[in-house]
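The values are calculated or read from the model by the stated rules, or taken from the named source; none is laboratory data. Please read these numbers as outputs of a predicted model, since none were measured by experiment. With ideal geometry, Cβ positions are generated from the backbone for all residues, glycine too; neighbour counts draw on all protein chains shown. Calculation scope for accessible area: heavy atoms of the full protein, side chains included, ligands and nucleic acids excluded. Shrake-Rupley method; radii C 1.70, N 1.55, O 1.52, S 1.80 Å.
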Amino acid sequence: MTAGTNIVDFSTPAPTPEEMERDRETGRVLFAGEFNFVFGAQKLGQLPDPILPEIAFAGRSNVGKSSLINALTGRRALARASSEPGRTKQLNFFELADRLTLVDMPGYGFAKAAKAVKEDWQGMMFSYLRGRPTLRRVVLLLDSRVELKASDEEIMKMLDRAAVTFQVVLTKCDVPKPPALAAKLRAVGEIVRAHAAAFPDVLATSSTTGAGIEELRAELARLANPV
């Protein structure tokens, strides 16, 4: 990890097939462990003590963030979507098997929210991202069915400025036809390469079919505290 930042050195060799299979099993065991809601922080002063490694999930409102978190953990209603996207600024902290903390960030890009709410969200989120010593990665969710929005690019730039590693994960990948999904992956991959803080691998997932869930579990398990 680069001194003074949360950006990871990506120069390590790619895992072998045997290592990938081992990591998938490690991820399965980790995410099958006890999973508890810790706290919902509406202000920076309310954040729980930074103890375990943290993975934060960010994405536009209605990107499928809650569904993905529930799919990862095998729970149906652990993370819940807000009935009023953009109206909450709460950071929800969930502890996984005493080894990892998942942070459900409020959605961004909410068209109906007042300008002051959007600016307040950005200020709070940037302060959290920049100042959280245990934050290991942000999982940035993008809807595979729609074009990249200006707000998505803004968040990537914010993460670059905050010097926090982020990994793009496409959601709802059961909807596009295979050629369209492949084209989407290529296009997003080109965008990701332009960002200094971006993890190079883009994952395609579906909370409906389970596609990509094992791979994402394995990726995140590498960041958890050892057993």
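Carbon-plus-sulfur accessible fraction, region 31-81 (probe radius 1.4 Å, protein heavy atoms only): 47%. In region 142-217, the convex hull through the Cα atoms has an average projected area of 4.9 nm², a quarter of its surface area. Using the Cβ-Cβ distance between D98 and A183 with R0 set to 30 Å, the FRET efficiency from 1/(1 + (r/R0)^6) comes to roughly 0.10.
Taking all protein chains as they are arranged and a probe of 1.4 Å, the heavy atoms of R222 leave approximately 110 Å² accessible to solvent. Backbone phi angles across region 57-63, fed through the Karplus curve with coefficients 6.51, -1.76 and 1.60 (θ = phi - 60°), yield HN-Hα couplings of 10, 10, x, 4, 4, 6, 7 Hz in residue order; Gly and Pro are listed as x.
With the highest mean first, a sort of the peptides 31-41, 133-143, 209-219 on other beta-carbon atoms found within 10 angstrom per residue produces 133-143, 209-219, 31-41.
Mind scanning K43/K65; K65/K172; K149/K172 and naming the pairs with a C-alpha gap bigger than 18 Å? Cα-Cα > 18 Å for K43/K65; rest within.
Taking all protein chains into account, the per residue accessible area for region 124-224 stands at 43 Å² (1.4 Å probe). Other residues whose C-beta falls under 10 angstrom from the C-beta of K149 contribute a net charge of -4, scoring Lys and Arg +1 and Asp and Glu -1.
The 3J(HN,Hα) values that the Karplus relation (6.51, -1.76, 1.60; θ = phi - 60°) gives for region 97-102 are, in residue order, 6, 6, 10, 7, 10, 9 Hz. Gly and Pro appear as x. For region 163-227 versus region 19-72, the inter-centroid distance based on Cα atoms is 15 Å. Within a Cβ distance under 14 Å of I51, other residues only, what is the Lys/Arg minus Asp/Glu net charge? Net of charged neighbours comes to -1.
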